[in-house]
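The values are calculated or read from the model by the stated rules, or taken from the named source; none is laboratory data. Fair warning: this is a prediction, and the values are worked out from it, not measured in the lab. We place every Cβ from the backbone using ideal geometry, glycine too, and count neighbours over all the protein chains shown.
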């Protein structure tokens with residue numbers, strides 16, 4: 001079984017992949033929403049495709065769209081959702097924008113952590 005590993009170390013189990021399209025199977029709509037939230041430009045700037053025999057780094061892709069197909073049981077009830085994650089190559093401007101956005105997010109998170117630790121220190125005094 002292959003995995004797509006995003007920049008934030010989120011692992012997505014893949015049933016298959018070809019070119020810039022990755023196929024995964026999801027159990028419910030909540031997990032589909034979670035997946036959509038994780039597939040930001042900054043988080044997909046550098047990804048790793050990992051299988052039993054090797055790892056391949058994939059860079060410079062932008063999510064173009066997600067196509068879903070419902071997998072139904074014999075009664076017609078939806079049991080799983082197959083999601084095709086379709087990417088396209090970014091142009092240079094989009095790559096720069098995604099890199100800068102990712103770095104700004106990291107700096108923002110560091111600033112919030114610093115402010116929180118200072119507040120805790122003041123509370124302890």
Subject >> Selection count, the range 77-125, where residues are within 27 Å of residue 18 (Cβ to Cβ), loosely packed, with under 11 Cβ neighbours inside 10 Å and modelled with pLDDT of 85 or more >> reply: 0
Original post:
Taking interchain pairs and intrachain pairs at least six residues apart, which have beta carbon atoms under 6 angstrom, with the first residue in the range 28-44 and on the phi < 0 side of the Ramachandran plot and touching a residue at least 60 places away in the same chain (Cβ under 8 Å) and the second crowded, with 17+ Cβ neighbours inside 10 Å and part of a helix (DSSP H, G or I)?
Top reply: 41/98; 42/98; 42/102
**OP:** Please indicate, with yes or no, whether at least one residue in the range 4-20 is surrounded by fewer than 14 Cβ atoms within 10 Å (Cβ to Cβ) and in contact (Cβ under 8 Å) with a residue 60 or more places away in the chain.
**Re:** yes
Original post:
Among the listed residues 55, 74, which satisfies the condition of being surrounded by fewer than 12 Cβ atoms within 10 Å (Cβ to Cβ) and touching a strand residue (DSSP E or B) at 6+ places or on another chain (Cβ under 7 Å)?
Top reply: 55
**OP:** Name every residue in the range 2-30 that is part of a strand (DSSP E or B) and over 18 Å from residue 54 (Cα atoms), in order of residue number.
**Re:** 21, 23, 24, 25, 26
**OP:** Kindly check whether there is at least one residue in the range 72-89 that is part of a helix (DSSP H, G or I) and within 18 Å of the chain's Cα centre (by Cα).
**Re:** no
